[in-house]
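Okay, structure first, notes after.
The values are calculated or read from the model by the stated rules, or taken from the named source; none is laboratory data. This structure is a prediction, so every number in the text was calculated from the model and none was measured. Cβ placement follows ideal geometry from the backbone for every residue including glycine, while neighbour counts extend to all protein chains displayed.
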Amino acid sequence: MTNIIETERLILRPLTLADAETAFNGWTGDVEVGKYVSWLPHHSIEDTIEWLKEIEWKQDDAGNIISSDNYIWGFVLKETGVLFGSGGLIWEEDWQLFQVGYNIMKTHWNRGYTTEAMRYILQFAVKNLDIHKVAGGHAKENLASARVIEKLGFVYDRDDITPHVDGVRFFDSREYLLELD
C-alpha cells in the first residue's frame, strides 16, 4: 500500500530528514505559523530533525504501513515541486481518537491547499487505516483553521482550553468531531 496521495494540485508524501531545512525555514521555525498550535516553534534545525524522526512512517518488509500514533504527510505543489507544509493525523490520548493537524508556510495561506490535502488524507484514513471517526480543533482566534474544519464537515462538540507543550501557555479552542464513511 502506498502512502503517497495525489490530489488535483498537490502531492502528499511522507517527510524525510532531507526535508529538515525546508520545513524549519518554511513553517516549523516560524513563530507566526506556530501561533495557534499546541507545539512550540522549533528553535533550530535540530528540533526539526528530531520531529522528523518522531513522525517517520514505518513499513514492514512487504511495504505495508505499520500502525502508528501519527500519520503525517508533506504537502508539495504539483506545479512547482515546492514542499510548503505538512499535516495529517495525530493520536489524541484524551479523546482516544486521531486528531487532524496541519501547518503550512505563510506564502501558501488562503489558497485552499490545506482543505484539499486534509480531504484526501481523511479518505486515505478510512480506506487504508480503518479510521472512521476523528477529532479536530482550532484556537478560537484562528479563523483560517476554523474554515478548514468547517469545509471538511466537522461538527462542533465543545469549547475547551488547549495547553501548549510547555505547560505554561494556553489558548481558548473549539473542538469538533467528524464521522468518516
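Computed values, structure above
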quantity: Positions within the range 84-123 being over 14 Å from the mean Cα position of the chain (by Cα) and not polar (S, T, N, Q), in sequence order; calculated: E93, D94, W95, L97, K106, H108, W109, R111, G112
quantity: Hey, D157 without any contact (Cβ under 8 Å) to a residue 24 or more places away in the chain, surrounded by fewer than 18 Cβ atoms within 10 Å (Cβ to Cβ), not in a loop (DSSP other than H, G, I, E, B) and not aromatic (F, W, Y) or not; calculated: yes
quantity: Residue satisfying all of: in the range 158-181; hydrophobic (A, V, I, L, M, F, W, C) and more than 14 Å from K133 (Cα to Cα); modelled with the lowest pLDDT among these; calculated: V165
quantity: Given (1) in contact with a strand residue (DSSP E or B) (Cβ under 6 Å, 6 or more places away or on another chain); (2) loosely packed, with under 15 Cβ neighbours inside 10 Å, index of the condition V33 fails; calculated: (2)
quantity: Qualifying residue in the range 128-139 (condition: among the basic types (K, R) and either free of Cβ contacts under 8 Å to residues at least 40 places away in the same chain or closer than 15 Å to G101 by Cβ (or both)); calculated: no
quantity: Residue list for the range 36-49, filter: at pLDDT below 95 and either surrounded by fewer than 16 Cβ atoms within 10 Å (Cβ to Cβ) or in a loop (DSSP other than H, G, I, E, B) (or both); calculated: V37, S38, W39, L40, P41, H42, H43
quantity: Matching residues, the range 1-35, being assigned to a loop (DSSP other than H, G, I, E, B), without any contact (Cβ under 8 Å) to a residue 60 or more places away in the chain and either charged (D, E, K, R) or in contact with a His (Cβ under 8 Å, 6 or more places away or on another chain) (or both); calculated: G29
quantity: Conditions (1) among the acidic types (D, E); (2) more than 30 Å from G63 (Cα to Cα); (3) surrounded by 15 or more Cβ atoms within 10 Å (Cβ to Cβ): number failed by D172; calculated: (3)
quantity: Selected residue [on the phi > 0 side of the Ramachandran plot and in a loop (DSSP other than H, G, I, E, B)] from G167, G88; calculated: G167
quantity: Failed item, numbered, when D60 is tested on (1) crowded, with 16+ Cβ neighbours inside 10 Å; (2) more than 20 Å from V76 (Cβ to Cβ); calculated: (1)
quantity: Pair list, Cβ under 6 Å, 6 or more apart: the range 85-111 residue within 20 Å of L129 (Cα to Cα), other residue among the hydroxyl-bearing types (S, T, Y) and not in a strand (DSSP E or B); calculated: Y102/T114
quantity: Out of E175, E93, sole residue that is more than 23 Å from L15 (Cα to Cα), among the charged types (D, E, K, R) and out of contact with any strand residue (DSSP E or B) (no Cβ under 8 Å at 6 or more places or on another chain); calculated: E93
quantity: Criterion: modelled with pLDDT of 95 or more, closer than 23 Å to E6 by Cβ and among the hydrophobic types (A, V, I, L, M, F, W, C) - qualifying residue of A135, A62, A125; calculated: A125
